[in-house]
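Student: Once you've had a glance at the structure underneath, I'll fire off some questions.
The values are calculated or read from the model by the stated rules, or taken from the named source; none is laboratory data. Just so you know, these numbers come straight off a predicted model, no measurement behind them. Cβ coordinates were reconstructed from backbone atoms using ideal geometry, including for glycine residues, and neighbour counts include every protein chain displayed.
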Amino acid sequence: MKVTRLAPVMVNAAGDAGAAANEEYYFLSNLDQNVTVLMKTIHVFSMSGEKRNHVREIAPLLRESLSRVLRHYYPLQGSLAVRADGTLAVRNDRRGVPFVEAVSDDYELRQVVAAVAATEPGAEVLAGLVYVGDDQEQEAPPLLTVQVTTLKCGGGFVLGIAMNHCLADGRSAAEFLCSWSEMARHVTLSTPPYLDRSVQRARPAPRTEFSHDEFTEVEDVSGLAAVFSDEPCVYRRFTFDAGKLDRLKRAATASGDDDDDDEAAGTTKQKQCSVFVALTAFVWVARTRALRMRLEQKSKLLFAVDGRRRVDPPLPPGFWGNAVVFSCCVSSAGDLLHKPLSAAARSIRDAIARTDDAFIRSAVDYIELNRCRARPALTATTLVTAWDRLGFCAADFVWGAAIHSGPAELPQKEVAMVLQGVLGSHSAVLLTGLPASCVQAFQEMVDML
């Protein structure tokens, strides 16, 4: 897919962005400090019928509405800075957001959708749809970049976004996209952002009340570091249709233990195992087997839990930032491989149940007390994050909702990302990376379901 880019244009917030934007720094919480990777996402929009005549209006409308939405999300036009105490903050220097117009001459909409949906994360075809800044910007990389790629056929456009994770978790990134689309339609923001992150400050006397295995290092007794170093990491998409998911859910509750918290973000009890718990249990076991971990190897599972409703009091509506913490399970590879899937699922449910107000505040305090070594250790680790219900597809920039939304790459080789399958199919798609020699073993376990 050939993409031709124009030079980036800096977009700044229109008018007065509020009194807080005049402060030198914008506060980032401890949960923000731990995730400074880029989130790169791609959103494909269709323009059919009469809408094809308005292709030239796409970039001007997106650029102008971006300027207006930045009044509400002004930190995105700043830059990261290290303060005297060693913490990260956003300097409100109003550098602006690089906005790039691009055109693809060789692909029609249906080809773009097929290519984006089938291409592996991080591939060149996806990288060409997301602008991340040029070499001159690398000393102070932008916190947000935007690329809009129109198609010569006039059938639609692709919106590529790169946003620093320290500004927003997945839910907050989706809410920004929806707010931007509302600005494009000239409607009132349905969810105005709550920008004051001081509600997530560490306690005046920080204290840890849990072991926080999510931050501790696991000894590599299986030579995993050498495997990842010696072999290319291959990224693949694995589809779990409705039948596979039903069989996984039955296997995950085979012991009769049917209590379950609703996925990582919810609190509603269900009578049977959720798709998230069952699929996460399978991925943990399957990666452990595919990586050929020794039986005595400790295998760690991290998975993202939305803390918005789990803290007391709950975070304010529209809270914009990182409200996600990592729940953790640790098991020997031998136990994972020789016990039924329901044992792994039970560990996950127990970890979700433990992720309450006390645990989250303890995690924030742990980072405060161990700032130099508080990033989650990823040796022998599987990190699962679910993007299937974040709401990216709710954004409508006048021309209707996106027909495809998804990541352009995975931030770490240990990450396994759950995405929604084909609309209406009740399926799920898993993106993950493995050393080349381990991919076939993982595929065979998927095929056996």
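Student: With the checklist (1) at pLDDT below 95; (2) of a type in the set (Ser, Thr, Tyr); (3) within 21 Å of the chain's Cα centre (by Cα) in hand, flag the one item Ser255 doesn't pass.
Tutor: (3)
Student: What number goes with the only condition from (1) out of contact with any strand residue (DSSP E or B) (no Cβ under 8 Å at 6 or more places or on another chain); (2) assigned by TED's automatic domain parsing to the domain that holds Pro435; (3) in contact (Cβ under 8 Å) with a residue 60 or more places away in the chain that Asp357 does not pass?
Tutor: (3)
For (1) outside the structural domain of Gly128 (by TED's automatic domain parsing); (2) in contact (Cβ under 8 Å) with a residue 60 or more places away in the chain; (3) within 30 Å of Val82 (Cβ to Cβ); (4) assigned to a strand (DSSP E or B), each residue gets a yes or a no:
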{"residue": "Pro376", "(1), (2), (3), (4)": "yes, yes, yes, no"}
{"residue": "Thr379", "(1), (2), (3), (4)": "yes, yes, yes, no"}
{"residue": "Leu383", "(1), (2), (3), (4)": "yes, yes, yes, yes"}
{"residue": "Ala416", "(1), (2), (3), (4)": "yes, yes, no, yes"}
{"residue": "Leu431", "(1), (2), (3), (4)": "yes, yes, no, yes"}
{"residue": "Ser437", "(1), (2), (3), (4)": "yes, yes, no, no"}
{"residue": "Gln440", "(1), (2), (3), (4)": "yes, no, no, no"}
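Student: May I pose another question? Exactly one of (1) touching a strand residue (DSSP E or B) at 6+ places or on another chain (Cβ under 9 Å); (2) touching a residue at least 60 places away in the same chain (Cβ under 8 Å); (3) not in a loop (DSSP other than H, G, I, E, B) is unmet by Ala351. Its number?
Tutor: Among (1) touching a strand residue (DSSP E or B) at 6+ places or on another chain (Cβ under 9 Å); (2) touching a residue at least 60 places away in the same chain (Cβ under 8 Å); (3) not in a loop (DSSP other than H, G, I, E, B), the lone unmet condition for Ala351 is (2).
Student: Within the bounds of the stretch 169-184, is there any residue that is assigned to a loop (DSSP other than H, G, I, E, B) and touching a Gly at 6+ places or on another chain (Cβ under 8 Å)?
Tutor: Within the stretch 169-184, one or more residues are assigned to a loop (DSSP other than H, G, I, E, B) and touching a Gly at 6+ places or on another chain (Cβ under 8 Å).
Student: Would you mind telling me which numbered condition in (1) touching a residue at least 24 places away in the same chain (Cβ under 8 Å); (2) over 16 Å from the mean Cα position of the chain (by Cα) Ser190 fails?
Tutor: Every listed condition holds for Ser190 apart from (1).
Student: Here's a follow-up. Among the residues of the stretch 321-338, what is the count of those that are in a strand (DSSP E or B) and among the charged types (D, E, K, R)?
Tutor: 0
Student: In this structure, is Cys178 at pLDDT 85 or above, touching a helix residue (DSSP H, G or I) at 6+ places or on another chain (Cβ under 6 Å) and either crowded, with 22+ Cβ neighbours inside 10 Å or of a type in the set (Ser, Thr, Tyr) (or both)?
Tutor: No.
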